[in-house]
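Beneath this line is the structure, given in structure tokens, with notes to follow.
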Amino acid sequence: MPFRLCGIDPAPFAALFELDEDALAQRGLARCRADRDSGFPCRVSLADARVGDELLLLPYAHQPAETPYRASGPIYVRRDARRAELAPGVVPPYVTRRLMSLRAYSAGHWMVDAEVCDGVDAARELARMFDDPAVAYVHLHNARRGCFSCAAHRA
């Protein structure tokens, strides 16, 4: 398969877990505990948190490029999560269980394609998008809440 999904780097978030609730609130962040085994998708591990896991809900600039597509949004990060770097073509249950919005970008960070699909069809849509040589990377978003999920790059 022509793509590989990867989680975001956990390093920028590690120290935030040591802040108290007031310090988090001053930064516009919130600490929570998963109260069910779905609904708390960690953007580092590309897995849903399990009941009792500690997470931070925080803003994240998933598209920081200086184009009209510059964007940020809320994400969950689980304490002590390890960055997922999946084998080429692997799409985790974290994605396959959800309705997804796929947004393909050029190397210059301009959107060149987009599709909404059931997560079980994400691998097929990603392969189709990467058939286009103009596509440098694809961002996956949870379509119902619109939040950034993960990025796919050429394998």
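The values are calculated or read from the model by the stated rules, or taken from the named source; none is laboratory data. Being a predicted model, the structure only gives us computed values, none of them experimental. When we count neighbours, we look across all protein chains shown, and the Cβ atoms used for this are built from the backbone with ideal geometry, even at glycine.
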_Out of HIS109, HIS62, sole residue that is surrounded by 13 or more Cβ atoms within 10 Å (Cβ to Cβ) and on the phi > 0 side of the Ramachandran plot_ = HIS109
*Residues HIS153, HIS139: which one is at pLDDT 95 or above, in contact with a strand residue (DSSP E or B) (Cβ under 8 Å, 6 or more places away or on another chain) and surrounded by fewer than 19 Cβ atoms within 10 Å (Cβ to Cβ)?*
HIS153
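Does VAL51 fit the bill of being closer than 27 Å to VAL90 by Cα, under 15 Å from the mean Cα position of the chain (by Cα) and in a loop (DSSP other than H, G, I, E, B)?
no
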*With respect to the numbered conditions (1) under 22 Å from ARG98 (Cβ atoms); (2) aliphatic (A, V, I, L, M); (3) outside any strand (DSSP E or B); (4) touching a Leu at 6+ places or on another chain (Cβ under 7 Å), which one is the sole condition not fulfilled by LEU16?*
(1)
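Among the candidates SER38, SER45, single out the residue that is surrounded by 16 or more Cβ atoms within 10 Å (Cβ to Cβ) and assigned to a loop (DSSP other than H, G, I, E, B). Let's see the steps before the verdict.
Values: SER38 fails: surrounded by 16 or more Cβ atoms within 10 Å (Cβ to Cβ).
So the residue among SER38, SER45 that is surrounded by 16 or more Cβ atoms within 10 Å (Cβ to Cβ) and assigned to a loop (DSSP other than H, G, I, E, B) is SER45.
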*Quickly run through segment 85-102 and pick out the residues that are crowded, with 22+ Cβ neighbours inside 10 Å, touching a Leu at 6+ places or on another chain (Cβ under 8 Å) and not β-branched (Val, Ile, Thr).*
TYR94, MET100, LEU102
